[in-house]
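See structure below.
The values are calculated or read from the model by the stated rules, or taken from the named source; none is laboratory data. Keep in mind that this is a model prediction, so the values were computed, not measured. Glycine also receives a Cβ, built like all others from the backbone with ideal geometry; neighbour counts cover every protein chain displayed. Areas reflect the complete protein model, heavy atoms only, side chains present, ligands, DNA and RNA absent. Shrake-Rupley method; radii C 1.70, N 1.55, O 1.52, S 1.80 Å.
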Amino acid sequence: MKKTITLLLITIAIYSCKNAEKKEGKKTLSNTEQVAQAAGFDNWDAIKEVKFTFSVGKMGRNLYDRNWTWNRHTGDVTLIASPDTVQYNRRQPMDSIQTSADRAFVNDIYWLLPEFKFITDSGTKIVEKSNAVAPISKDTLDMFTIVYSNDGGYTPGDAYDVYYDKKHNLREWVYRQQNDTTIGMMTTFEKFDTINGIKVATDHRTPDRMTRIHLTNIEFNK
C-alpha cells in the first residue's frame with residue numbers, strides 16, 4: 001500500500017512539473033500579436049494565393065479598381081486595372097512600370113491585411129497606449145502607434161495610430177506621413193468578413209463618410 005501511494009505521489013509530482021514547464025514556456029503575446037491572432041494569423045501559412053479587388057470611391061461614385069492576384073510561394077503578381085494588365089515577380093528585378101505596380105500592391109495589401117503586416121514587417125517601432133480616445137468614433141479604445149524606419153521600403157518613416165477594441169478587432173486608424181503630427185488620412189474598419197479562417201475589414205470610411213476604401217472579390221486559396 002505504501003509503495004502504491006509513493007508511486008502515485010511521484011506521478012502527480014511529475015505531471016505537476018510538466019504542467020508548470022508548459023505554463024512557463026508559453027509565450028505571452030503582445031497586443032499587436034493578439035490583433036493578428038484575432039484576424040486569423042494562425043491560418044496565414046496555409047494560404048498560397050491571394051486575390052482581391054481594391055476600390056476607391058468618393059461621394060458615392062467609384063473612382064477606380066485594382067484587381068490583384070498574388071502567389072505567395074512564387075512571388076508572382078498580376079495587376080488588372082482597366083485597360084492595363086501588369087505581371088511581375090516581387091523577387092526579381094522590376095522595370096519602372098512594374099515598380100509602380102508594386103508600390104500600389106504594397107499599399108493595397110496593407111489595407112487588406114494590416115493586422116498581419118504589423119507583426120511581419122521589419123524595421124518598425126511600436127508604442128502602445130491604453131484607454132485612448134479614438135478620433136472618429138470618440139470611443140475609448142486601446143491603441144498602438146507603429147512607426148517605420150527611415151531605411152528601405154516605399155514610404156520610409158511613416159506612422160500609423162491604430163485603435164482596437166477589447167476583442168482585438170481593429171476599429172480605426174490614422175496615417176501620418178513621415179511620423180508628422182499632421183494627420184494624412186483616417187478611416188474606420190467596418191463590415192468584417194471571414195474567408196478561409198482569415199478575417200478582413202472590407203469597408204473603410206473617412207470621418208465625413210464621403211470617401212470609401214472597399215475590398216471585394218477576396219479569395220485566400222490554399
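Condition first: over 30 Å from ASN71 (Cβ atoms) and part of a strand (DSSP E or B). Can you find one or more residues in the stretch 189-203 that meet it? The answer is no; no qualifying residue exists. Just to be sure I understand, how many residues within the stretch 74-109 are open to solvent by 50 Å² or more (accessible area, probe 1.4 Å) and either touching a Pro at 6+ places or on another chain (Cβ under 6 Å) or within 27 Å of VAL162 (Cβ to Cβ) (or both)? Going through the stretch 74-109 one residue at a time, the tally reaches 3. Scanning the stretch 181-204 for residues that are open to solvent by 10 Å² or more (accessible area, probe 1.4 Å) and touching a residue at least 12 places away in the same chain (Cβ under 8 Å) yields a total of 15. One residue stands out among those in the stretch 205-222 that are closer than 16 Å to MET59 by Cβ and of a type in the set (A, V, I, L, M, F, W, C): the one that is surrounded by the most Cβ atoms within 10 Å (Cβ to Cβ), which is ILE213. Based on this model, can you work out whether TYR88 counts as modelled with pLDDT of 95 or more and either closer than 25 Å to ASP45 by Cα or of a type in the set (Lys, Arg) (or both)? When the stated conditions are applied, TYR88 passes them.
The single condition among (1) closer than 30 Å to SER130 by Cα; (2) modelled with pLDDT of 95 or more; (3) open to solvent by 60 Å² or more (accessible area, probe 1.4 Å) that ARG61 does not satisfy is (1).
Do we have any residue at all in the stretch 70-85 that's touching a helix residue (DSSP H, G or I) at 6+ places or on another chain (Cβ under 8 Å), of a type in the set (Lys, Arg) and at pLDDT 95 or above? No. Annotation note: Cβ proximity below 9 Å between a residue of the stretch 124-143 that is without any contact (Cβ under 8 Å) to a residue 40 or more places away in the chain and of a type in the set (A, V, I, L, M, F, W, C) and a residue that is open to solvent by 90 Å² or more (accessible area, probe 1.4 Å) and not in a strand (DSSP E or B) (sequence gap 6+ or interchain) occurs for LEU141/LYS166. Those strands (runs of 3 or more DSSP E) of the stretch 110-179 in which at least 2 residues are surrounded by fewer than 19 Cβ atoms within 10 Å (Cβ to Cβ), considering only elements entirely within it, cover 124-133, 140-148.
Yes/no per residue for (1) within 30 Å of SER130 (Cα to Cα); (2) of a type in the set (A, V, I, L, M, F, W, C); (3) at pLDDT below 95; (4) surrounded by 10 or more Cβ atoms within 10 Å (Cβ to Cβ):
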residue	(1), (2), (3), (4)
LYS2	no, no, yes, no
TYR15	no, no, yes, yes
LYS23	yes, no, yes, no
LYS26	yes, no, yes, no
PHE41	yes, yes, no, yes
ASP45	no, no, no, no
LYS48	no, no, no, yes
